[in-house]
Amino acid sequence: MTQITVRRMAFEWPDDLPILPNPDDVGQSCELVALSFTLPYLEPYLIRTMRVAGKEDISPELAEDLSAFSKQEAQHHLNHSRINNLVRAKLPPETALAVRALEDKLEADYQRYTETKSLKFNLAYAEGFEAMTLALALSLLAAPPKGTDESWANLLVWHLAEEVEHRTVTFDAYDKIYGGYIYRLFAAVRSQRHYLSYIVNLSVVLETKNNQPISCDPRHAQAPSPTRDASPVRQDAVSSLRPSQDRHAQRGCGSAGHV
Ligand SMILES: [Fe+2]
Ligand SMILES: [Fe+2]
C-alpha cells in the first residue's frame, strides 16, 4: 500500500492577500510567486507523464505510488491556480500580460513535450525536476524564511511537505522502466535549465517595470535597480530561495510594499 497521502486542502485566503509572500525579501518573494505561476502547467505535465508510465510493465506498488503522486500534484496545481488568480488580479495590467505570455509559452512547451517527446525524456524531466524540488523542500522546511505571510506559508509548507513525501516516485519509475544513469543525468540538467529559465524570466517580469522594481515603494528606493537581462538561465535561482536582506537592498528597495 502506498505511503503517499492525498490531502484535499480548503485554503481560505483573504481579499488583502499580499502579492509578496515576504515583503522583507522582494527577490525571494518574486521567485516564490514565479514558482507558483509555473505549477498549473508543470504539474499537469508530470501527471500526463505518470499516466503513460503507469501503462508500462511496473509493479502494482509502483503503479499505486504513481497514482497517489498524480493525485497529490493535482491538488497542488489546483490550489496554486487559485492563489495565482488572486495575485494576477492585483498585478499592473502590463505585468499581468507579460506573466500570461510566459505562462502560455510554458504550457506550449509542456504540451509539445507530451505530444512529441519520448516517455524516457518525459520521465527523466520529471525525475530531474523532482530531485530539484526535493532539495528545495528540504532546505526551506529546515530553515523556513522568516516573515513569510501566513496564507502563503500555509500553502507552501503543505506543498513542500508533500514534495518530500513523494520524493522517490519519479526516480523509481524511471529506474524500473529504463534504468541507467547518463541519459537521466543529462536530461535532468536540461530539465532543470528549462524550468529555471521560466522562474528567472517570471521573476524579472514580476520584479521589474521600466528597470525599476515595481514591488518597491519609490518613496523608499535608495538606489537605481540593477537591470537584469531576462534571457539567461540563472542556475542558482532555486537555491537563492532563502532569506537574504542583502539581496533586498541590492535591488534598491529600502522598504518593500506589495506589487
Ligand atoms: Fe507538487
Ligand atoms: Fe512533485
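The values are calculated or read from the model by the stated rules, or taken from the named source; none is laboratory data. Note that this is a predicted model, so its numbers are computed, not measured. Every residue, glycine as well, gets a Cβ built from its backbone with ideal geometry; the counts of neighbours run over all protein chains shown.
Observations, loosely collected:
- Gln3 vs. criteria over 16 Å from Tyr110 (Cβ atoms), of a type in the set (S, T, N, Q) and modelled with pLDDT under 90: yes
- Single residue of Ile83, Ile58 found to be away from ligand 1 (no atom under 11 Å from the Cβ) and not in a helix (DSSP H, G or I): Ile58
- The residue that is farthest from Tyr195 (Cα to Cα), among those in the range 25-67 that are surrounded by fewer than 19 Cβ atoms within 10 Å (Cβ to Cβ) and among the small types (Gly, Ala, Ser), is Ser59.
- Test result for Glu130, among the charged types (D, E, K, R), farther than 30 Å from Asp16 by Cα and under 15 Å from the mean Cα position of the chain (by Cα): yes
- A single member of Glu163, Glu207, Glu150 is at pLDDT 90 or above, of a type in the set (D, E, K, R) and surrounded by 12 or more Cβ atoms within 10 Å (Cβ to Cβ), and it is Glu163.
- When residues of the range 128-173 are limited to those that are of a type in the set (Asp, Glu) and within 13 Å of ligand 2 (Cβ to nearest atom), the one farthest from Leu42 (Cα to Cα): Glu165
- Qualifying residue in the range 119-127 (condition: outside any loop (DSSP other than H, G, I, E, B) and either within 12 Å of ligand 1 (Cβ to nearest atom) or modelled with pLDDT under 95 (or both)): yes
- Within the range 20-56, the set of residues being more than 18 Å from the chain's Cα centre (by Cα) and modelled with pLDDT under 95 comprises Pro23, Asp24.
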